[in-house]
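Contents: one structure, followed by commentary.
Read the figures in this text as sums done on the coordinates, not as results from a lab. Since the model is a prediction, treat every value here as computed from it, not as a measurement. Please note: Cβ atoms are built from the backbone with ideal geometry, for glycine as well, and neighbour counts cover all protein chains shown.
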Amino acid sequence: MGLFAPKPLVLVAGKEDPIFPINATRRAFRDLQRIYNACGANNLCHLVVGDGGHRFYAEDAWPGMLKEIERTRPIRAEEEEP
């Protein structure tokens, strides 16, 4: 995932995930944050942790994902001020 930097990234994990244990996920995320920090993109890397197992936590993840999409989307010509 470090090669993805400095593009926005939202990772989603579950506290009780048997496939990707949360402690290992948090350690890997800290390593990833170091890479993003080195690229000057420390505010573009996010970890969302849901309360259950291995699944996508839409209600928790989408607000952060939409924030990054809105922040990085190109300005369309009709939105530019004259």
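Were the residues from Tyr57 through Phe4 laid out at 0.36 nm apart, the gain over their Cα-Cα distance would be 16.9 nm. Taking every DSSP helix (H) stretch of at least 4 residues in the chain, weighting each as -39,500 (n - 2.57) and dividing the sum by the residue count yields a mean residue ellipticity at 222 nm of -13000 deg cm²/dmol. Model label sites at Asn43 and Arg30, defined 7 Å from Cα along the beta-carbon direction, differ in position by 2.4 nm.
Rg/Rh, computed from the Cα trace of segment 2-72 with Rh as the Kirkwood radius, has the value 0.98.
Would you please put 24-34, 39-49 in order of how densely packed they are, using the mean number of other Cβ atoms within 10 angstrom per residue and starting with the highest? Present the calculation step by step, with values, prior to reporting the outcome.
On the way: 24-34: 13.9, 39-49: 16.5.
By packing density, highest mean first, the sequence is 39-49, 24-34.
Taking the average, over residues, of other Cβ atoms within 10 Å as the packing measure, peptides 50-56, 11-17 rank 11-17, 50-56 from highest down.
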